Every structure is written in C-alpha cells, then in structure tokens.
Amino acid sequence: MSAIKLFFIAFSIGGGGNVINDYCDRYVDSINKPWRPIPLGLIKPREALIASLALFTSGILLAFSHSIICGLIALAATILVFLYSYSLKKVFLIGNIVIAFLTALAIIYGATFSQLTVHVALASLYAFLFNLGREFLKGIEDVEGDKAFGIATIAVLYGSRTAFHTSVCIFTILIVLSVMPIITLSYGIAYTILALFVNFIIIVSLLRARTLKASDALKATRMLKAAVFAGLFAFLLHSSF
C-alpha cells in the first residue's frame with residue numbers, strides 16, 4: 001500500500017512540476033520548442049496552471065496523510081519547483097542546481113518510506129550529478145530562447161562550448177563515481193552491467209552533443225533522460241546477484 005501511495009505522490013508532484021514549468025516557459029518554448037502543448041495551442045495557459053495546482057495539492061495532501069515528514073518534504077519540493085519555474089531558472093547556476101537537487105530529493109523521499117542507507121545516499125548523489133550534467137547540455141539545446149528571455153545559463157553567458165566542457169567534467173566525475181561501489185561496496189554483476197551500459201550511453205550522448213548544435217544537444221539530452229532510469233535501477237539491483 002505504501003508503494004502505491006508513494007507512486008501517486010511522486011506522480012502528482014512531478015506532474016505538477018512539469019505542467020507549471022510548461023506554463024512559465026510558454027513564451028520561451030515558442031522559440032525553443034514550438035511543438036510543446038501550450039505554444040501549439042493544444043492547451044490554454046490557464047488550464048495548465050489549474051492542472052498544476054490540482055496535482056500539487058493532491059500530492060501534498062496524500063504525503064501528509066502518510067506522515068508529517070513526508071508531507072513537509074513534498075511541500076518543500078513543491079515550493080522549490082514553483083520558485084524554479086517563476087524565477088530561479090533565470091539565476092546563473094542556481095536553476096540547474098535546484099533541478100538536480102529535486103531529482104536527488106525524490107530518491108531520499110522514497111527512502112523515508114523505508115530507511116535511509118549509504119546506498120540511498122549514493123543513488124541520490126548519482127542522480128544529482130547526472131541531472132546537473134544534463135542541465136548544462138540543455139543550455140546548449142535552449143540557448144536561443146534563453147538569450148531572448150534573459151535566462152542566464154552557461155551557454156548564454158560563456159558560450160555553448162564552455163557549457164559542453166562543463167557537462168563533460170560533470171559526467172566524467174559521474175562515471176568514476178559509478179565504478180566506486182563495485183570496488184568499495186562489492187556491488188554485483190547486475191549493477192556492473194547496467195552501470196557500464198549507462199556509461200556507454202553517456203559517452204555516446206556527449207559525442208553527439210560535441211557539435212554544439214541545438215538539434216544534436218536535444219537528441220543527446222533525450223538519450224540521457226532514458227539512461228538515467230537505467231542508472232538508478234542499477235543501484236536497486238546491486239545486491240540481486
């Protein structure tokens with residue numbers, strides 16, 4: 001029952017975050033991603049705002065019904081998502097860090113339904129670094145719209161090449177981190193195979209993005225979005241074999 005509740009809480013808060021972000025980005029997306037639902041006219045901005053509020057409210061109430069701690073974490077995550085969508089994304093590095101932190105927080109939040117361990121801490125750090133590296137690549141993907149609306153990313157302020165190199169540094173640290181549990185915590189064959197697979201996808205994605213073209217950066221970030229789930233699943237399976 002707790003697992004089902006956790007799923008619906010995460011779905012509601014995550015869904016609300018995606019919708020409010022689309023609402024706040026509707027003008028930027030008209031340049032960067034005109035195929036998104038609001039710029040395309042499939043949904044009205046007011047409808048998106050109402051939907052996000054409904055999702056956030058249901059997620060927070062469901063979280064408080066489980067425990068005060070879970071409710072407070074859900075509330076804090078909602079506030080951070082709102083702040084990010086409305087203003088923090090325009091602040092240099094802060095927006096990127098907030099998004100990466102929220103991804104890591106989701107893992108910690110899930111652990112409150114069971115227990116916090118060193119494995120949870122490692123998975124959270126992995127998720128944080130993975131999404132931070134991906135955020136820097138997204139800056140290349142969205143550079144034109146971000147410039148037009150004053151969003152201060154590395155790509156806007158220092159150029160796409162600097163953003164790419166920064167992402168490479170983050171992902172290099174991540175790849176090294178992914179090997180450490182095998183050496184220090186004796187993670188098994190299932191983890192090792194998945195970790196190697198994810199590292200391969202990371203390298204392929206970076207090779208794709210090295211052209212510094214927005215279209216290639218978009219393809220790279222989409223590949224990474226799929227790969228992150230495999231990476232987190234690797235931590236889940238570390239003791240299976």
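Of all the residues in region 75-117, those that are more than 20 Å from GLY150 (Cα to Cα) and surrounded by fewer than 15 Cβ atoms within 10 Å (Cβ to Cβ) number 7. The set of residues in region 189-213 being over 19 Å from the mean Cα position of the chain (by Cα) and crowded, with 16+ Cβ neighbours inside 10 Å consists of ALA190, TYR191, THR192, LEU194, ARG208.
Residues are listed down the side, and each one gets a yes or a no for (1) closer than 19 Å to PHE82 by Cα; (2) touching an Asp or Glu at 6+ places or on another chain (Cβ under 9 Å); (3) in contact (Cβ under 8 Å) with a residue 12 or more places away in the chain; (4) assigned by TED's automatic domain parsing to the domain that holds ILE140:
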{"position": "ILE20", "(1), (2), (3), (4)": "yes, no, yes, no"}
{"position": "CYS24", "(1), (2), (3), (4)": "yes, no, yes, no"}
{"position": "TYR27", "(1), (2), (3), (4)": "yes, no, yes, no"}
{"position": "PRO39", "(1), (2), (3), (4)": "no, yes, yes, no"}
{"position": "GLU47", "(1), (2), (3), (4)": "yes, no, no, no"}
{"position": "LEU55", "(1), (2), (3), (4)": "yes, no, yes, no"}
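Any residue that is in contact with a Phe, Trp or Tyr (Cβ under 6 Å, 6 or more places away or on another chain) and either touching a residue at least 40 places away in the same chain (Cβ under 8 Å) or assigned by TED's automatic domain parsing to the domain that holds LEU206 (or both) - is there at least one of those in region 142-149?
To start, the set of residues in region 142-149 that are in contact with a Phe, Trp or Tyr (Cβ under 6 Å, 6 or more places away or on another chain) comprises none.
No, the conditions are met nowhere in region 142-149.
For region 44-74, residues that are under 15 Å from ALA111 (Cα atoms) and surrounded by fewer than 13 Cβ atoms within 10 Å (Cβ to Cβ) total 3.
Quick check on my filter: what residues within region 133-146 are surrounded by 16 or more Cβ atoms within 10 Å (Cβ to Cβ) and either farther than 18 Å from LEU224 by Cα or among the hydrophobic types (A, V, I, L, M, F, W, C) (or both)? Full working, then the answer.
The initial filter retains those residues of region 133-146 that are surrounded by 16 or more Cβ atoms within 10 Å (Cβ to Cβ), namely 133-143, 145-146.
The answer is PHE136, LEU137, ILE140, VAL143, GLY145, ASP146.
The values are calculated or read from the model by the stated rules, or taken from the named source; none is laboratory data. Nothing here was measured: the structure is a model prediction, and the numbers come from that model. Methodologically, a virtual Cβ is constructed for each residue, glycine included, from the backbone with ideal geometry; neighbour enumeration extends over all protein chains shown.
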